[in-house]
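Notes to accompany the following structure.
The values are calculated or read from the model by the stated rules, or taken from the named source; none is laboratory data. For clarity, every value in this text was computed on a predicted model and none was experimentally measured. Every residue, glycine as well, gets a Cβ built from its backbone with ideal geometry; the counts of neighbours run over all protein chains shown. Keep in mind that these areas ignore ligands, DNA and RNA; they rest on the heavy atoms of the full protein, side chains included. Shrake-Rupley method; radii C 1.70, N 1.55, O 1.52, S 1.80 Å.
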Amino acid sequence: MAELDVFSDLTAESLQIDDLVSGLDERQWKLPTPAPGWSIADQVAHLSFIFRLAGMAAAEPETFKAMAAAAKADFDGAVNAALAQYRAEPDVMLARWKDERAAAVEALSSVPAGQTVPWLVNPLPPAILACAGIMEVFAHGQDIADALGVEIERTDRIGHLVGFAVLTRDFGYEARGMTPPETQFRFEITAPSGAVWEFGPADSPQRVTGPAVDFCLLVTRRRHRDDLAVTASGEEADQWLDIAQAYRGPAGPGRRPGQFDKPVAADGRAG
């Protein structure tokens, strides 16, 4: 997908969070989500903080580097501590989320062509960091939707997440101390529009196929593979379906088979 589109698509995907939480009362903001220990408010606080980091990395790189260095010994602990600063009354939290998002998208899209921005492990092109932002919005938005018992309409904008997950194929191995296979995988992923997104050598014996919505739910660990229409051909590809994740760090508990009453179909609607 075009690099220029990723920033506008990040904004459009982020607006779905607004649609989910606007109008919720204080009790609903405290509802638990499928992420253990996380309420809807926690999900929005996390997104606000992550987008704050992305905006800082693009607009204030030296400040970001100093912050990241200070948190390196216990980054998860630093994140959890920072989240306390983002919890407030619902109206305040929603306004801050909108502000942090707008600032991050503006800062990332303003980075001169060919330059990278510092990030938690390696510097990244701003477009790739925007793809990671779409991954965050998809994952945490799904948690919020599950808590509320509603559906999210998915579009071909999730193609940025599909490409990002292919690029970060090895994160699941690294999180578990495993050596990634040398074999390149073939991915054939069907978009909500019906288009087929293809990655990797066409003759690879290790193949992953399926609908894009299900694929994104798999790599964000928001559904168990048994509840998805993603399939693998080849032993290594099949193992990858068990460990796939499009983010660094601990995998987390994921989701149980059959945890959700309504499986998500290929078009993103509940079946």
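The figures follow:
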| read-out | value |
| --- | --- |
| Qualifying positions in the range 23-37 - in contact (Cβ under 8 Å) with a residue 24 or more places away in the chain, under 17 Å from Leu94 (Cα atoms) and not charged (D, E, K, R) | Leu24, Gln28, Trp29, Leu31 |
| Unique match (being touching a helix residue (DSSP H, G or I) at 6+ places or on another chain (Cβ under 6 Å), at pLDDT 95 or above and either within 20 Å of Val137 (Cα to Cα) or outside any strand (DSSP E or B) (or both)) among Arg222, Arg255 | Arg222 |
| Test for Glu182: is it among the charged types (D, E, K, R), open to solvent by 60 Å² or more (accessible area, probe 1.4 Å), more than 22 Å from Ala132 (Cα to Cα) and out of contact with any helix residue (DSSP H, G or I) (no Cβ under 9 Å at 6 or more places or on another chain) | yes |
| Checklist (1) modelled with pLDDT of 95 or more; (2) touching a Phe, Trp or Tyr at 6+ places or on another chain (Cβ under 6 Å) applied to Asp18, failing item | (2) |
| Matching residues, the range 225-237, being small (Gly, Ala, Ser) and part of a helix (DSSP H, G or I) | Ala237 |
| Selection count, the range 110-153, where residues are in contact with a helix residue (DSSP H, G or I) (Cβ under 9 Å, 6 or more places away or on another chain) and outside any loop (DSSP other than H, G, I, E, B) | 24 |
| Flag if Gly149 is open to solvent by 10 Å² or more (accessible area, probe 1.4 Å), within 23 Å of Glu13 (Cα to Cα) and either in contact (Cβ under 8 Å) with a residue 60 or more places away in the chain or not aliphatic (A, V, I, L, M) (or both) | yes |
| From the options Ala202, Ala246, residue that is open to solvent by less than 20 Å² (accessible area, probe 1.4 Å) and modelled with pLDDT of 95 or more | Ala246 |
| Residue pairs meeting the criteria (Cβ under 9 Å; at least 6 apart or on separate chains; first assigned to a loop (DSSP other than H, G, I, E, B), in the range 198-209; second of a type in the set (Ser, Thr, Tyr)) | Ser204/Thr183; Pro205/Thr183; Pro205/Ser233; Gln206/Thr183; Gln206/Ser233 |
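This table checks each residue for (1) open to solvent by less than 10 Å² (accessible area, probe 1.4 Å); (2) part of a helix (DSSP H, G or I); (3) touching a strand residue (DSSP E or B) at 6+ places or on another chain (Cβ under 7 Å); (4) more than 26 Å from Arg255 (Cβ to Cβ).
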| position | (1), (2), (3), (4) |
| --- | --- |
| Ala81 | no, yes, no, yes |
| Ala84 | no, yes, no, yes |
| Asp91 | no, yes, no, yes |
| Ala104 | yes, yes, no, yes |
| Val162 | yes, yes, yes, no |
